[in-house]
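A.B. asks: Following this message is one structure expressed as structure tokens.
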């Protein structure tokens with residue numbers, strides 16, 4: 001029997017023992033908050049459950065550009081994103097003290113917590129956010145039952161699990177996480193400023209590693225409201241002493257690892273705490289179950305250096321919330337066969353596979369020291385330099401070629 005969603009009780013009523021909704025989303029990070037906003041704005045009765053009313057500040061600071069902006073625009077969030085972030089349009093790409101090329105395209109930089117706040121602000125009814133902790137989920141072909149730490153209960157036709165890398169709930173359901181590459185990458189994040197207080201001579205800059213032994217993929221510098229954000233991505237043993245050096249003496253260690261950075265950066269200082277994160281590549285198993293679907297990092301983690309995390313997440317949200325969930329709700333039941341349609345979606349599969357492919361490519365391009373990868377690395381940057389020089393001599397040529405290839 002399917003619940004009658006037209007007789008649901010108000011979500012905001014604190015004394016309500018059981019809340020009835022069409023869709024319950026567990027996890028109010030970016031994936032869950034975006035999914036809730038998309039579905040609620042389409043008229044679905046959605047509850048979003050998270051332990052915190054305001055997402056806390058954390059390590060991640062995102063830069064959003066390229067195809068990601070197109071997806072934010074299609075989902076209807078582009079204006080809210082622009083209002084919350086710092087825009088920049090040119091990225092100077094350098095290696096070994098020389099300009100590789102210049103990327104010219106619209107992009108935005110903002111902390112992950114601000115990105116989540118932006119997504120939550122798009123909820124038509126703020127009371128659809130329930131600040132509580134889901135302690136158990138019971139799934140079936142019909143109605144899903146969620147138990148909350150407060151003693152309340154949620155009954156919903158569909159549960160969307162968007163809990164990131166927190167796996168306790170999934171584990172209770174028999175969903176396991178399989179590690180594909182342990183300690184795959186290390187990321188550092190901090191904010192910098194010039195010691196003399198003057199602005200940098202660039203809007204944004206990417207400096208690529210110079211020696212395979214250093215394990216440095218690249219340093220990305222881009223503006224956020226707090227200043228110039230620095231994200232450093234490495235493929236190196238997290239226990240290596242250089243990790244300690246980067247935390248304790250960041251300026252000197254960066255100059256040692258990236259000597260070609262000095263002419264572009266000048267004298268600088270770190271203005272906040274240096275944080276770092278070690279990332280495993282992993283994917284879930286046992287996830288095909290009736291009544292529950294898993295999205296974002298809860299399904300598959302990403303290599304931060306590959307820059308595919310937000311793109312993958314947006315594909316999950318767009319395909320689930322604009323295609324599958326609305327169609328599933330039009331008929332009775334929430335069978336395993338319905339849920340399987342999402343996991344078999346070609347766009348989702350392609351995004352997941354591309355994310356893993358780029359993770360392995362970035363690691364090999366950074367660290368592999370055999371002849372074939374040495375040649376490939378040289379050709380990679382040489383091709384970019386030549387293309388940039390030709391585009392300087394014939395402005396607009398590169399854009400015309402790219403447009404023709406897309407046609």
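A.B. asks: Mind listing just one residue for me: the one in the stretch 254-275 that is out of contact with any helix residue (DSSP H, G or I) (no Cβ under 8 Å at 6 or more places or on another chain), over 15 Å from residue 200 (Cα atoms) and surrounded by 15 or more Cβ atoms within 10 Å (Cβ to Cβ) and, of those, modelled with the highest pLDDT?
C.D. replies: Across the stretch 254-275, the extreme among qualifying residues is 258.
A.B. asks: Okay, moving on. If residue 72 meets every condition in (1) assigned by TED's automatic domain parsing to the domain that holds residue 133; (2) surrounded by 19 or more Cβ atoms within 10 Å (Cβ to Cβ) apart from one, which number is that one?
C.D. replies: (1)
A.B. asks: Any residue that is surrounded by 14 or more Cβ atoms within 10 Å (Cβ to Cβ) and within 19 Å of residue 180 (Cβ to Cβ) - is there at least one of those in the stretch 242-252?
C.D. replies: no
A.B. asks: Could you check the stretch 331-350 and list, in sequence order, the residues that are crowded, with 20+ Cβ neighbours inside 10 Å and within 17 Å of the chain's Cα centre (by Cα)?
C.D. replies: Once the filter is applied, which keeps residues that are crowded, with 20+ Cβ neighbours inside 10 Å and within 17 Å of the chain's Cα centre (by Cα), the stretch 331-350 yields only 348.
A.B. asks: Kindly state which strands (runs of 3 or more DSSP E) lie completely within the stretch 103-213 and contain at least 3 residues that are in contact (Cβ under 8 Å) with a residue 40 or more places away in the chain.
C.D. replies: Correct list: 129-131, 144-148, 153-161, 176-194, 204-208.
A.B. asks: Right, something else. Sort through 372, 403, 355 and tell me the only one that's within 25 Å of residue 64 (Cβ to Cβ), over 26 Å from the mean Cα position of the chain (by Cα) and either modelled with pLDDT of 95 or more or in a helix (DSSP H, G or I) (or both).
C.D. replies: Numbers: 372 fails: within 25 Å of residue 64 (Cβ to Cβ); 355 fails: over 26 Å from the mean Cα position of the chain (by Cα).
The match here is 403.
A.B. asks: Name the one entry in 85, 37, 80 that is touching a helix residue (DSSP H, G or I) at 6+ places or on another chain (Cβ under 9 Å), surrounded by 14 or more Cβ atoms within 10 Å (Cβ to Cβ), within 29 Å of residue 222 (Cα to Cα) and in the same structural domain as residue 334 (by TED's automatic domain parsing).
C.D. replies: Working: 85 fails: in the same structural domain as residue 334 (by TED's automatic domain parsing); 80 fails: in the same structural domain as residue 334 (by TED's automatic domain parsing).
Residue meeting the stated conditions: 37.
A.B. asks: Return yes or no: is residue 9 in the same structural domain as residue 202 (by TED's automatic domain parsing) and at pLDDT below 95? Spell out how you get there, then give the answer.
C.D. replies: Values: in the same structural domain as residue 202 (by TED's automatic domain parsing): no; at pLDDT below 95: yes.
So residue 9 does not fit the description; no.
A.B. asks: Conditions first: (1) assigned by TED's automatic domain parsing to the domain that holds residue 226; (2) surrounded by 14 or more Cβ atoms within 10 Å (Cβ to Cβ). Residue 128 passes all but one, so which condition is the exception?
C.D. replies: In the conditions (1) assigned by TED's automatic domain parsing to the domain that holds residue 226; (2) surrounded by 14 or more Cβ atoms within 10 Å (Cβ to Cβ), residue 128 misses (1) alone.
A.B. asks: Which residues, taken from the stretch 40-54, are touching a residue at least 60 places away in the same chain (Cβ under 8 Å), closer than 12 Å to residue 127 by Cα and part of a loop (DSSP other than H, G, I, E, B)?
C.D. replies: Correct list: 53 only.
A.B. asks: Within the stretch 339-373, can you find the residues that are without any contact (Cβ under 8 Å) to a residue 24 or more places away in the chain and farther than 14 Å from residue 308 by Cα?
C.D. replies: Within the stretch 339-373, 341, 344, 346, 364, 370, 371, 372, 373 qualify.
A.B. asks: Assuming residue 228 fulfils every condition listed in (1) under 30 Å from residue 161 (Cβ atoms); (2) surrounded by 17 or more Cβ atoms within 10 Å (Cβ to Cβ) apart from one, which condition is it?
C.D. replies: (1)
Table: residues versus (1) more than 25 Å from the chain's Cα centre (by Cα); (2) without any contact (Cβ under 8 Å) to a residue 60 or more places away in the chain.
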residue	(1), (2)
266	yes, no
269	yes, no
273	no, no
279	no, no
284	no, no
288	no, yes
302	no, yes
306	no, yes
312	no, yes
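A.B. asks: If a residue must be surrounded by fewer than 15 Cβ atoms within 10 Å (Cβ to Cβ) and closer than 15 Å to residue 221 by Cβ, how many such residues does the stretch 103-116 contain? Before you say what the answer is, go through the steps one by one.
C.D. replies: To start, the set of residues in the stretch 103-116 that are surrounded by fewer than 15 Cβ atoms within 10 Å (Cβ to Cβ) comprises 104-106.
Filter once more, keeping what is closer than 15 Å to residue 221 by Cβ: none.
Of the residues in that region, 0 qualify.
A.B. asks: Right, here's the next one. Which one of 235, 190, 222, 200 is surrounded by 15 or more Cβ atoms within 10 Å (Cβ to Cβ) and out of contact with any helix residue (DSSP H, G or I) (no Cβ under 9 Å at 6 or more places or on another chain)? Don't jump to the end; show me each part of the working.
C.D. replies: Details: 235 fails: out of contact with any helix residue (DSSP H, G or I) (no Cβ under 9 Å at 6 or more places or on another chain); 190 fails: out of contact with any helix residue (DSSP H, G or I) (no Cβ under 9 Å at 6 or more places or on another chain); 200 fails: out of contact with any helix residue (DSSP H, G or I) (no Cβ under 9 Å at 6 or more places or on another chain).
Selected residue: 222, the only one of 235, 190, 222, 200 that is surrounded by 15 or more Cβ atoms within 10 Å (Cβ to Cβ) and out of contact with any helix residue (DSSP H, G or I) (no Cβ under 9 Å at 6 or more places or on another chain).
The values are calculated or read from the model by the stated rules, or taken from the named source; none is laboratory data. These figures come from a predicted structure and were not determined experimentally. With ideal geometry, Cβ positions are generated from the backbone for all residues, glycine too; neighbour counts draw on all protein chains shown.
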